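Notes for the one structure printed next.
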Amino acid sequence: MLDESYIQITHQLAEKGKGAVSPLSLRGVVIVNDGKIVGAEFLKDRFSEQPEFILFSKLKNIPKGSVLYSNINPVIKSGEEERYISLFRNSGIKKMVFGVLDNNSLFYNKVAKKLKESGISVISGIMERESTDLNRFFLKYSSSKLPFVTLKMALTLDGKISDINGNSKWITSVESRSLVHELRAEYDAVLVGYNTVKTDKPSLTVRLVEGRNPKRIVLDTRLELKPNSDLVRKNNDNNLIIVTDKKNKDMPKLAKYYEAGVEFIFVPVTSEGMLDLKSLVRKLGKLNITSILVEGGGRVFSSFIKSKLDDEILLFIAPKLLCEGIPLCSGLGINSLSKAHKFQMNDVRKIGEDALVRLTRR
């Protein structure tokens, strides 16, 4: 088998850790000797040891001349460098092959150099694009301490996210909605504006598939979400975060929310009367939130796009026409094509009767 084939296997292993490993990277590891896989492991959650530590413990004696493959290098904690280096010096591993190296890690800056000095080859860049994409949440957070932001939009062919009365149930198919629940399980947080909560009354939880519930973030400038609302009352997992104007910090009614386990983030309001999203994403990064799935509504999408805080856009396009309805976004202040926000189309696929288009900025 070629190196690419083994890296592909590590991708398949790594994906098993989705929704469990954050803020660490999704990692799969295989050890190969004489064309045969002698061990395979993946990072199961953020509390587990790195897969190679587990493999070395299981295998006891690794055949000489073996090659270790992984989609990305391990996250080595400060003080663990020598343990990791000693592990490999005393093993039969002659070469390590990675899909991508995290340039901000102790592994890249210290460990790889010492491994090479010990006669162990360290190679990277095999299926690098695919490996980078798999760990795009982690790699952005590692380099910037900011979360990866995806805008998830469900819309009609003519760009409407709801009818004229604000009703959006259901624009897209059951298959698309199931995929959205899979996405929720993979992201650290899901974010909506208060108007979406008021109109759609979303639970923002994972129900149509198995998986963990993300943090639920509501942008609520004037703190209109009632303490007896479903989102607050059903906050049994203490995952609800309300983002509001910092001027609301001393409101007496906050006590009722705190009693329900609600967490608050207070941010400034811009001259346009919108919550400062740049301040918000910095604060969320400090909470080890590495990825955010923004689910609406139109004003929220517009604010993220205008602030250029989106890393990726997922468009779920239903084969329907409304002609009259609420547009995908507005208020960007753009009146000519030359000033339009430009995106690259990375992927298009069919989900049920809908089309899913994945975009990133040019």
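Just give me the residues in the stretch 169-188 being assigned to a loop (DSSP other than H, G, I, E, B) and either aliphatic (A, V, I, L, M) or open to solvent by less than 30 Å² (accessible area, probe 1.4 Å) (or both), in sequence order.
First pass over the stretch 169-188, keeping only residues assigned to a loop (DSSP other than H, G, I, E, B): 169-173, 187-188.
Correct list: 171, 172, 173, 187, 188.
Identify the residue in the stretch 70-92 that is more than 24 Å from the chain's Cα centre (by Cα) and of a type in the set (Ser, Thr, Tyr) and, among all such residues, is farthest from residue 41 (Cα to Cα).
We begin by selecting, within the stretch 70-92, every residue more than 24 Å from the chain's Cα centre (by Cα); these are 78-92.
If we keep only those that are of a type in the set (Ser, Thr, Tyr) as well, we get 78, 84, 86, 91.
Working: 78: 23, 84: 17, 86: 20, 91: 17 Å.
Filtering first and then ranking leaves 78.
Out of everything in the stretch 270-294 that is of a type outside the set (Ser, Thr, Tyr) and part of a loop (DSSP other than H, G, I, E, B), what residue ends up being most open to solvent (accessible area, probe 1.4 Å)?
Restricting attention to the stretch 270-294, the residues satisfying the condition of being of a type outside the set (Ser, Thr, Tyr) are 272-278, 280-289, 292-294.
The next check asks that each one be part of a loop (DSSP other than H, G, I, E, B); those that pass are 272-274, 276, 287-289.
On the way: 272: 120, 273: 38, 274: 46, 276: 46, 287: 80, 288: 84, 289: 8 Å².
Among residues in the stretch 270-294 that are of a type outside the set (Ser, Thr, Tyr) and part of a loop (DSSP other than H, G, I, E, B), the one most open to solvent (accessible area, probe 1.4 Å) is 272.
Which is more than 24 Å from the chain's Cα centre (by Cα) and open to solvent by less than 10 Å² (accessible area, probe 1.4 Å), of 218, 232, 267, 243? Steps first, please.
Numbers: 218 fails: more than 24 Å from the chain's Cα centre (by Cα); 267 fails: more than 24 Å from the chain's Cα centre (by Cα); 243 fails: more than 24 Å from the chain's Cα centre (by Cα).
Answer to the selection: 232.
Looking only at the stretch 119-135, how many residues end up being surrounded by 18 or more Cβ atoms within 10 Å (Cβ to Cβ) and part of a helix (DSSP H, G or I)?
2
Which ones in the stretch 106-118 are open to solvent by less than 10 Å² (accessible area, probe 1.4 Å) and either of a type in the set (Val, Ile, Thr) or outside any helix (DSSP H, G or I) (or both)?
Once the filter is applied, which keeps residues that are open to solvent by less than 10 Å² (accessible area, probe 1.4 Å) and either of a type in the set (Val, Ile, Thr) or outside any helix (DSSP H, G or I) (or both), the stretch 106-118 yields only 111.
Listed residues 67, 30; which is in contact with a Lys or Arg (Cβ under 8 Å, 6 or more places away or on another chain) and not aromatic (Phe, Trp, Tyr)? Write out each step before concluding.
Numbers: 30 fails: in contact with a Lys or Arg (Cβ under 8 Å, 6 or more places away or on another chain).
Sole residue among the options that is in contact with a Lys or Arg (Cβ under 8 Å, 6 or more places away or on another chain) and not aromatic (Phe, Trp, Tyr): 67.
Suppose we keep only residues that are out of contact with any strand residue (DSSP E or B) (no Cβ under 7 Å at 6 or more places or on another chain) and assigned to a helix (DSSP H, G or I) within the stretch 189-214. Which one would you say is least open to solvent (accessible area, probe 1.4 Å)?
200
State whether the residues of the stretch 81-90 include one that is of a type in the set (Val, Ile, Thr), open to solvent by less than 50 Å² (accessible area, probe 1.4 Å) and within 30 Å of residue 212 (Cα to Cα). Before you say what the answer is, go through the steps one by one.
So the first thing to find is which residues in the stretch 81-90 are of a type in the set (Val, Ile, Thr), and the list is 85.
Adding the requirement that they be open to solvent by less than 50 Å² (accessible area, probe 1.4 Å) leaves 85.
If we keep only those that are within 30 Å of residue 212 (Cα to Cα) too, we end up with none.
No, the conditions are met nowhere in the stretch 81-90.
Hey, could you check the stretch 298-345 for residues that are part of a strand (DSSP E or B) and modelled with pLDDT under 90 and say which is surrounded by the fewest Cβ atoms within 10 Å (Cβ to Cβ)?
That would be 327.
Condition (residue is aliphatic (A, V, I, L, M), farther than 18 Å from residue 313 by Cα and either out of contact with any strand residue (DSSP E or B) (no Cβ under 6 Å at 6 or more places or on another chain) or part of a helix (DSSP H, G or I) (or both)) applied to the stretch 142-163: is it met by at least one residue? If you could, list the steps in order and put the result at the bottom.
Restricting attention to the stretch 142-163, the residues satisfying the condition of being aliphatic (A, V, I, L, M) are 146, 149, 151, 153-155, 157, 161.
Right, trim to farther than 18 Å from residue 313 by Cα and you get none.
No - not one qualifying residue is present in the stretch 142-163.
Please verify whether residue 256 is more than 23 Å from the chain's Cα centre (by Cα), assigned to a helix (DSSP H, G or I) and surrounded by 13 or more Cβ atoms within 10 Å (Cβ to Cβ), treating the condition exactly as stated. Break it down into steps so the answer makes sense when it comes.
Values: more than 23 Å from the chain's Cα centre (by Cα): yes; assigned to a helix (DSSP H, G or I): yes; surrounded by 13 or more Cβ atoms within 10 Å (Cβ to Cβ): yes.
Here the answer is yes, as residue 256 does meet what is asked.
Yes or no: residue 146 within 30 Å of residue 259 (Cβ to Cβ), touching a helix residue (DSSP H, G or I) at 6+ places or on another chain (Cβ under 9 Å), surrounded by 15 or more Cβ atoms within 10 Å (Cβ to Cβ) and not basic (Lys, Arg)? First the steps, then the outcome.
Numbers: within 30 Å of residue 259 (Cβ to Cβ): no; touching a helix residue (DSSP H, G or I) at 6+ places or on another chain (Cβ under 9 Å): yes; surrounded by 15 or more Cβ atoms within 10 Å (Cβ to Cβ): yes; not basic (Lys, Arg): yes.
Taking the combined requirement at face value, the residue does not satisfy it.
The values are calculated or read from the model by the stated rules, or taken from the named source; none is laboratory data. Bear in mind that the values here come from a model prediction, so they are computed numbers and not experimental data. Here the Cβ is made from the backbone with ideal geometry for all residues, glycine too, and neighbour counts use every protein chain on show. Only protein heavy atoms, including side chains, enter the accessible area calculation; ligands, DNA and RNA are left aside. Shrake-Rupley method; radii C 1.70, N 1.55, O 1.52, S 1.80 Å.
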